[in-house]
1. Any idea how many residues of segment 22-36 are under 15 Å from the mean Cα position of the chain (by Cα), part of a loop (DSSP other than H, G, I, E, B) and crowded, with 18+ Cβ neighbours inside 10 Å?
2. Of a type outside the set (Gly, Ala, Ser) and in a helix (DSSP H, G or I), is that true of residue 225?
3. Hey, can you tell me all the residues within segment 109-132 that are open to solvent by less than 50 Å² (accessible area, probe 1.4 Å), of a type in the set (A, V, I, L, M) and not in a helix (DSSP H, G or I)?
4. Assess whether residue 170 counts as being out of contact with any Leu (no Cβ under 6 Å at 6 or more places or on another chain), open to solvent by 20 Å² or more (accessible area, probe 1.4 Å), farther than 24 Å from residue 35 by Cβ and among the aromatic types (Phe, Trp, Tyr).
5. Give 227, 182, 216 a once-over and let me know the one that is within 17 Å of the chain's Cα centre (by Cα) and at positive phi.
6. Given the options 148, 135, name the one that is modelled with pLDDT of 95 or more, buried (at least 19 other Cβ atoms within 10 Å of the Cβ) and either of a type in the set (D, E, K, R) or more than 23 Å from residue 41 (Cα to Cα) (or both).
7. If you scan segment 153-167, which residues turn out to be open to solvent by less than 20 Å² (accessible area, probe 1.4 Å) and out of contact with any Gly (no Cβ under 9 Å at 6 or more places or on another chain)?
8. Looking at residue 140, is it buried (at least 18 other Cβ atoms within 10 Å of the Cβ) and outside any loop (DSSP other than H, G, I, E, B)?
Amino acid sequence: MSTIEISKEYAVNGAEHSSLGSQLKWKQDGCWYKADRLGFESLAEAVVSHLLKHSNIGDFVQYDPVTISWRERQYRGCRSQDFRKEKEELISVERLSRNFTSFGLAETLGRMAGAKDRILYTVELVENLTGLRDFGVYLTELLELDAFFLNVGRHTGNIMLLYDTEKQEYRPAPVFDMARSLFSDTSNTCPPEKGMVECYHAIVAEPFSGNFEEQLKAANELYDRHLKFDFSTNEMINSVRDFLNGMGSGNAYQGSEKRRIGEIIRFQTRKYQYMFLK
């Protein structure tokens, strides 16, 4: 893992916080940097983006694990390129709803009974307000990824669109910010002493149901299945192992964290075999 020195000028102007409230972020030289806060979020980001290269998801952000040096401290973190075009800004579906309706999307969804109704409402809202088509397919792909990688960070403030302020046009954002995948939160819901089964029972999906399977089934019934990986389950397991081993023994991530990721991937490949082409 390379070490990146964050200049003070960028830290002053670019240090921000995520939706979690206190994850350090910086922008420097056209790249975004994020520091781990809850556990091994950056490693999760790197593994997910590595595997997306072997999927039919065409637009996603590549993350690389790095060590971040800032104010004489070092942080485990990751780096990604800024994917926004010159005139584009990120806008969440939560913010979109607040801008054009009387309520936030999360509040509105909370008054609905089932996952299918919530998904359908969200898709129709976005398509009516933005002119986008096939947003249901895009949203389904996100929920498929969340179910496979056990991403618990898909709240309505983290389903993102890109808005071109000059052309006044929207497009779906690439897949990014999968940091809360793979039981990466070792500080709270998935501490090292918890086993796989305990962690599965501890995590909660978002935003259409607290259960990954329920919201995935609803999306698939509405918009069909879409996510496919272009290699076999064994090839995925081996690819993750090689990726983690390729980081070397001197990197900042512990063997127990890498083993946890490997164990999750083995379990999920068995559970979702239909997502694999081979």
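The values are calculated or read from the model by the stated rules, or taken from the named source; none is laboratory data. Computed from a predicted structure; not experimentally measured. Glycine gets a Cβ as well: all are built from the backbone with ideal geometry, and neighbour counts include every protein chain shown. Note: accessible area is taken over every heavy atom of the protein model, side chains too, but ligands, DNA and RNA are not part of it. Shrake-Rupley method; radii C 1.70, N 1.55, O 1.52, S 1.80 Å.
1. Count: 1.
2. Working: of a type outside the set (Gly, Ala, Ser): yes; in a helix (DSSP H, G or I): no.
The answer is no for residue 225.
3. Answer for segment 109-132, where residues must be open to solvent by less than 50 Å² (accessible area, probe 1.4 Å), of a type in the set (A, V, I, L, M) and not in a helix (DSSP H, G or I): 112, 132.
4. Numbers: out of contact with any Leu (no Cβ under 6 Å at 6 or more places or on another chain): no; open to solvent by 20 Å² or more (accessible area, probe 1.4 Å): yes; farther than 24 Å from residue 35 by Cβ: yes; among the aromatic types (Phe, Trp, Tyr): yes.
No.
5. Details: 227 fails: at positive phi; 216 fails: at positive phi.
It is 182.
6. On the way: 148 fails: either of a type in the set (D, E, K, R) or more than 23 Å from residue 41 (Cα to Cα) (or both).
Answer to the check: 135.
7. Within segment 153-167, the subset open to solvent by less than 20 Å² (accessible area, probe 1.4 Å) is 153-154, 156, 158-159, 161-162.
Within segment 153-167, 153, 154, 158, 159, 161, 162 meet the criteria.
8. Working: buried (at least 18 other Cβ atoms within 10 Å of the Cβ): yes; outside any loop (DSSP other than H, G, I, E, B): yes.
When the stated conditions are applied, residue 140 passes them.
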